[in-house]
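The next block holds one structure in the form of structure tokens; read it before the comments.
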Amino acid sequence: MHWSRRTRKVIAAVALAIGFAVTSAGGASAASATVPSGDHEIVSSALTGPNNSRECLDVTDGSTSAGALIQIFHCRGTGPKGLPQLFDFIPTLDGNYEILNRNSNFCLTPDPATGIVRESLIRQEQCGPPGSGQKWAVLGDPATGFQLANVESGNTLCLSARGGGNESDHDATALEACSTVPELELWHF
């Protein structure tokens, strides 16, 4: 069955709201959803680019260097031009994920200079040290819509499109307060 983008967003928002209600009542952080193995484009559920193109997480300029910013850019598919947009979700022992870019072999990381705080830009950095902010919880359904909550923030900060979705490519990504109406924090594969 094929659902419209609007229907997927409504279903995902309801599912996330229910998940957050259960989480808040129980006082514990939500468990990550299971992500299928393999490489994934992480597509914005709310943003569209020029000519209504899909918008994906992307390493700026296809960089293979540590410190490169993670941006929103029109999706390029799974061919060679799409490599900076392919990510593998590596399970951690606690049921969460490190998110590895397949082109660079670096992980999504809040800017080490600012740390795990609201408005910290997301960069790619060497995968590894505990406490670096590289653990992410997948909250919601990977097929229809999910948020990427930073585990080391207590799942209170989520990966978000920083530019607010101004219908153009190159919006930076940052940590923002997780919301029960996620709009710019909602992603799908």
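The values are calculated or read from the model by the stated rules, or taken from the named source; none is laboratory data. Quick caveat: nothing in here was measured; it's all calculated off a predicted structure. Please note: Cβ atoms are built from the backbone with ideal geometry, for glycine as well, and neighbour counts cover all protein chains shown.
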Practice problem: Only residues that are surrounded by 19 or more Cβ atoms within 10 Å (Cβ to Cβ) and either hydroxyl-bearing (Ser, Thr, Tyr) or closer than 21 Å to Ala143 by Cα (or both): list them for the stretch 50-65, please. | Solution: Glu55, Cys56, Leu57, Asp58
Practice problem: Within the stretch 53-65, track down each residue that is in a strand (DSSP E or B) and farther than 21 Å from Gln126 by Cα. | Solution: Arg54, Glu55, Cys56
Quiz item: Limited to the stretch 124-135, what total is found for residues that are at negative phi and either over 12 Å from the mean Cα position of the chain (by Cα) or touching a residue at least 60 places away in the same chain (Cβ under 8 Å) (or both)?
Solution: 7
Quiz item: Does any residue in the stretch 70-88 that is over 20 Å from Glu98 (Cα atoms) come within less than 6 Å, Cβ to Cβ, of a residue that is among the basic types (Lys, Arg) and part of a strand (DSSP E or B) six or more places away or on a different chain, and which pairs are these?
Solution: Cys75/Arg54
Quiz item: Which one of these does Glu98 not meet: (1) among the charged types (D, E, K, R); (2) under 12 Å from the mean Cα position of the chain (by Cα); (3) modelled with pLDDT under 95?
Solution: (3)
Quiz item: What is the one condition in (1) modelled with pLDDT of 75 or more; (2) out of contact with any Pro (no Cβ under 6 Å at 6 or more places or on another chain); (3) among the polar types (S, T, N, Q) that Thr23 does not satisfy?
Solution: (1)
Quiz prompt | Residue list for the stretch 63-108, filter: hydroxyl-bearing (Ser, Thr, Tyr) and within 21 Å of Leu186 (Cβ to Cβ) | solution = Tyr97
Quiz item: Restricting attention to the stretch 103-117, which residues are under 15 Å from the mean Cα position of the chain (by Cα) and more than 20 Å from Cys178 (Cα to Cα)?
Solution: Phe106, Cys107
